[in-house]
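The values are calculated or read from the model by the stated rules, or taken from the named source; none is laboratory data. In this text the structure is predicted, and so the values were computed from the model without any measurement. Note that each Cβ is placed from the backbone with ideal geometry, even for glycine, and that neighbours are counted across all protein chains shown.
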Amino acid sequence: MIEIDNLHKKFGDTEVLKGVSLSIAPGEVVSILGASGSGKSTLMRCMNGLAGLNGGSLLIDGLDVSKPRELREIRKRCATVFQHFNLYPHLSVLDNITLAPMDVLGRKKAEVEAEAYALLKQVGLADRADAYPGQLSGGQKQRIGICRALAMQPRYLLLDEVTSALDPEMTGEVLDVLAALARSGTTMIFVTHEIAFAREISSRIVFLDDGVVRADMPTDRFFAEDGGYGDERIARFLAKMRNK
Amino acid sequence: MFWDGFLVTASVSALSIVGSFLIGVIVAFGAVSRRPFLRKAARGYIGLFRNIPFIVQVFFFYFGLPEIGVYIDAFTTGTMALSIAVGAYAADVLRSGIENVDTGVIEAAEVSGLSRFKIYRRIILPIALRVSLRPLGSVFINLVLTTSILSTITLNELTGNAKIVASDTFRPFEVYFFLLLFYCVLTYLLSLLINLWHRRLNRFMRGAE
Amino acid sequence: MRNQGFNWHDPILWAQGLGVSVGVFAASMILGTVIGIFIALCRVYKVPVVAPVLLVISEFLKNSPVLVQLFLVFFGVPVLLQVNITPAEAAIFTLTGNTAAFIAVIAISAIDAIDRGQLEAARSFGHSERSILRKIIAPQALVVAMPALIGLAVNQLQVTSLISAIGVIDLTKVGQILNQRTWQPFIVWTIIGVTYFILSRLLAAAGGRLETRLRRHMDWAGL
């Protein structure tokens, strides 16, 4: 369970999150939408502890992100996939995937490696285990990024604009992997620009606007006349995204 | 005679390369630390030892240490002084290597739950080293050339021995010219080695982010 | 000789040493810059024979210890050519060559950094090679080269300390003299070290100011 209550976040004098409240239950697939600058990426950085809070609280399974000891526990349960992949350039694909499970969870090498191979097979990259990130295409890198996150066997998977840095022809291969994952019951939180994908995959939409939650409703309703489209600002956003 | 000198030069160089590298790593991490005191101390160290001639530093230790009751030979004093001085140069190179590590990669390591120490050891340092290998190589090549200064504290390495040979044979020009050539060859071989190592380490490093 | 305290004459000795160090530094830096630029131009304009020979010599100087270069010039050359060379002459000669070798490398890469298109544009307007060099290449290359030049200057200042080994009474030699007489190594070498440190910082600060002024000038030119 992720419980966010009246969350505030400032960068210098500008307040990016102005009292966000939200809760996400296990098994949910939630997409956080919003224009750039709406605070959605910052919200995600608060969830994995990369950005500190200036007010309010953020609990994951009852653990407080603002307490270092509890954050350490949270990071074992939450894994992040990044917009720019952020793979470790000096490690092979296999080592990228197995580093944290072995080091943070203290699991055995043989076991973790067997799982890593299974994950690589799932994303169609079984033959690239010994390659280095520099030898892969963007779409391949992001699929490895997903494997790296999944190898932690996380309860919560945070996905931050995972297709934004990809060429259009590579977006599909990544989205296919994610769609399969969503059906498997992992809790997933997307920050995304892909409206169509959000509509297809998520059960719930959270719309952030200027640092506050402007809409939080089931996907079907959000994309209906009386839901998101009933709100003038959301309608304008959706129209803009559609025209892209 | 020449061979003896070469052995001394080689062993002082090897030991000092190891010593200055270790000092360099520690000071570099101090220089990028979040604690203002550590930062200042580390940057002060780098500034101090880079702005005082090595020969003055060597004399400080060589003549000073016996005054406080520390009696060590020229070899040990030289190795220590070289490690301290070149450590400052190595630290500066490594510092800029560390500062240039992609923050996204560090964040990825952070959110995966790796401890701060592990992030430094497994992620930041290996990446910074790969980037800094070439400039670090020229720092170490300079170290080898600087060992010649240890002849002024009576250490009979290559240059110290050459001085003796030059005055024994009355052929200083030939002796020193040959010695210069020899240093050139030595540093050239060293730079080849570094290039090779650089290429090996960095073969897959491009475009990973 | 030993265990005598400091006396009133010592500050004068210190000042003399300082003067010698700064003088040798300035002389070799200026002469070295002129020769280094000459080498760089030979390379840029691909002068046959001269360019490769000078570059080989400059590689040779960059990759060998300055101390041994000093020994070669001071002890070796007089025997070989049957001439007399004073320590000061040997010092300035050697350090000039050494500085020139490094200046050449810096100048070549600074000139290479200038956009080729500009030079072609200048040629198409009919400027002479000489005026292109003076009005277009030189000012830009200087700005590009400034950080490297400052680094080199600070380094060369410290290299001057080695001339004490061939008997020039520079700051380091003064330190040795005082060290032997007073047997107060910590005081003597701390004073000498601090003097070099302050000189280096002053040099770097002056270089930094010059650099910002040059850059400001460039920004204006850019408008």
* Residue list for the stretch A:10-51, restricted to those being free of Cβ contacts under 8 Å to residues at least 60 places away in the same chain, among the polar types (S, T, N, Q) and within 25 Å of A:GLU73 (Cβ to Cβ) -> A:SER23, A:THR42
* From the list C:VAL24, C:VAL79, which one is within 14 Å of chain B (Cβ to nearest Cβ), in a helix (DSSP H, G or I) and modelled with pLDDT of 95 or more? -> C:VAL24
* Give the number of residues within the stretch A:38-80 that are in contact with a strand residue (DSSP E or B) (Cβ under 9 Å, 6 or more places away or on another chain), more than 9 Å from every other protein chain (Cβ to nearest Cβ) and not in a helix (DSSP H, G or I). => 17
* If you check every pair at least six apart or on different chains, which have Cβ atoms under 7 Å apart with a residue in the stretch C:180-193 that is free of Cβ contacts under 8 Å to residues at least 24 places away in the same chain first and a residue that is outside any helix (DSSP H, G or I) and crowded, with 17+ Cβ neighbours inside 10 Å second? -> C:GLY193/B:ILE52
* Asked: Name the pairs: first residue in the stretch C:145-161 and within 15 Å of B:THR146 (Cα to Cα), second residue β-branched (Val, Ile, Thr), Cβ to Cβ under 7 Å, at least 6 apart or on different chains?
  -> C:GLN156/C:THR99; C:VAL159/C:VAL66; C:THR160/C:VAL24; C:SER161/B:ILE55; C:SER161/B:VAL56; C:SER161/C:THR172
* Test for B:LEU133: is it among the aliphatic types (A, V, I, L, M), touching a His at 6+ places or on another chain (Cβ under 8 Å) and part of a helix (DSSP H, G or I) -> yes
* Structure fact -> Exactly one of B:ALA85, B:ALA14 is more than 10 Å from chain C (Cβ to nearest Cβ), in contact with a Lys or Arg (Cβ under 9 Å, 6 or more places away or on another chain), over 23 Å from B:ILE127 (Cα atoms) and of a type in the set (A, V, I, L, M, F, W, C), and that residue is B:ALA85
* To do: Go over the candidates A:LEU159, A:LEU94, A:LEU120 one by one and state the one that is under 19 Å from A:ALA180 (Cβ atoms), surrounded by fewer than 23 Cβ atoms within 10 Å (Cβ to Cβ) and either more than 9 Å from chain B (Cβ to nearest Cβ) or of a type in the set (Gly, Ala, Ser) (or both).
  => A:LEU120
* To do: Check the stretch B:88-111 and report whether any residue there is facing chain A (nearest Cβ under 10 Å), over 22 Å from B:LEU193 (Cα atoms), free of Cβ contacts under 8 Å to residues at least 12 places away in the same chain and of a type in the set (A, V, I, L, M).
  => yes
* Asked: In the stretch A:162-183, which residues are more than 17 Å from A:GLU200 (Cα to Cα) and surrounded by fewer than 20 Cβ atoms within 10 Å (Cβ to Cβ)?
  -> A:SER164, A:ALA165, A:ASP167, A:PRO168, A:GLU169, A:MET170
* Just checking, how many residues over the stretch B:163-197 are touching a residue at least 40 places away in the same chain (Cβ under 8 Å), facing chain C (nearest Cβ under 9 Å) and in contact with a Gly (Cβ under 7 Å, 6 or more places away or on another chain)? -> 1
* Looking at (1) outside any loop (DSSP other than H, G, I, E, B); (2) at pLDDT below 90; (3) away from chain B (no Cβ under 12 Å), find the lone condition where C:VAL47 falls short. => (1)
* Structure fact -> Taking the stretch C:169-187 and the residues there that are in contact with a Leu (Cβ under 9 Å, 6 or more places away or on another chain) and of a type outside the set (S, T, N, Q), the one that is surrounded by the most Cβ atoms within 10 Å (Cβ to Cβ) would be C:LEU171
* Asked: Say we look at the stretch A:134-144 and pick out the residues that are surrounded by 24 or more Cβ atoms within 10 Å (Cβ to Cβ) and out of contact with any Ser or Thr (no Cβ under 9 Å at 6 or more places or on another chain); which of these is nearest to the other protein chains (Cβ to nearest Cβ)?
  -> A:LYS141
* Asked: Out of all the residues in the stretch B:198-206, is one or more modelled with pLDDT of 90 or more and either under 19 Å from the mean Cα position of the chain (by Cα) or away from chain A (no Cβ under 14 Å) (or both)?
  -> no
* Would you mind stating whether A:GLU194 is modelled with pLDDT under 90, among the acidic types (Asp, Glu) and in contact with a Leu (Cβ under 8 Å, 6 or more places away or on another chain)? => yes
* Which listed residue is touching a Gly at 6+ places or on another chain (Cβ under 6 Å) and either farther than 30 Å from A:ALA25 by Cβ or of a type in the set (A, V, I, L, M) (or both), from A:VAL104, A:VAL112, A:VAL93 -> A:VAL104
* Residue by residue through the stretch C:164-190, note down the ones that are more than 10 Å from chain B (Cβ to nearest Cβ) and among the aliphatic types (A, V, I, L, M). => C:ILE166, C:VAL168, C:ILE169, C:VAL174, C:ILE177, C:LEU178
* With respect to A:LEU71, is the statement that it is surrounded by 17 or more Cβ atoms within 10 Å (Cβ to Cβ), of a type in the set (A, V, I, L, M, F, W, C) and free of Cβ contacts under 8 Å to residues at least 60 places away in the same chain true? -> yes
* **Cβ-Cβ under 6 Å pairs, at least 6 apart or on other chains, the stretch C:106-131 side farther than 19 Å from C:ARG43 by Cβ, far side assigned to a helix (DSSP H, G or I)** => C:ALA122/C:ILE132; C:ALA122/C:ILE136
* Structure fact -> Exception for C:ILE57 within (1) at pLDDT 85 or above; (2) touching a Lys or Arg at 6+ places or on another chain (Cβ under 8 Å); (3) surrounded by fewer than 21 Cβ atoms within 10 Å (Cβ to Cβ) falls at (2)
* **Flag if C:ALA122 is small (Gly, Ala, Ser) and within 17 Å of the chain's Cα centre (by Cα)** => no
* Asked: Can you list the helices (runs of 4 or more DSSP H) found entirely within the stretch A:81-164 that contain at least 1 residues being touching a Phe, Trp or Tyr at 6+ places or on another chain (Cβ under 8 Å) and farther than 29 Å from A:GLY62 by Cβ?
  -> A:93-103, A:138-150
* Selection status of C:ARG201, farther than 30 Å from C:HIS9 by Cβ, charged (D, E, K, R) and part of a helix (DSSP H, G or I) -> no
* To do: For B:PHE63, indicate whether it is within 14 Å of chain C (Cβ to nearest Cβ) and either charged (D, E, K, R) or more than 26 Å from B:ARG134 (Cβ to Cβ) (or both).
  => yes
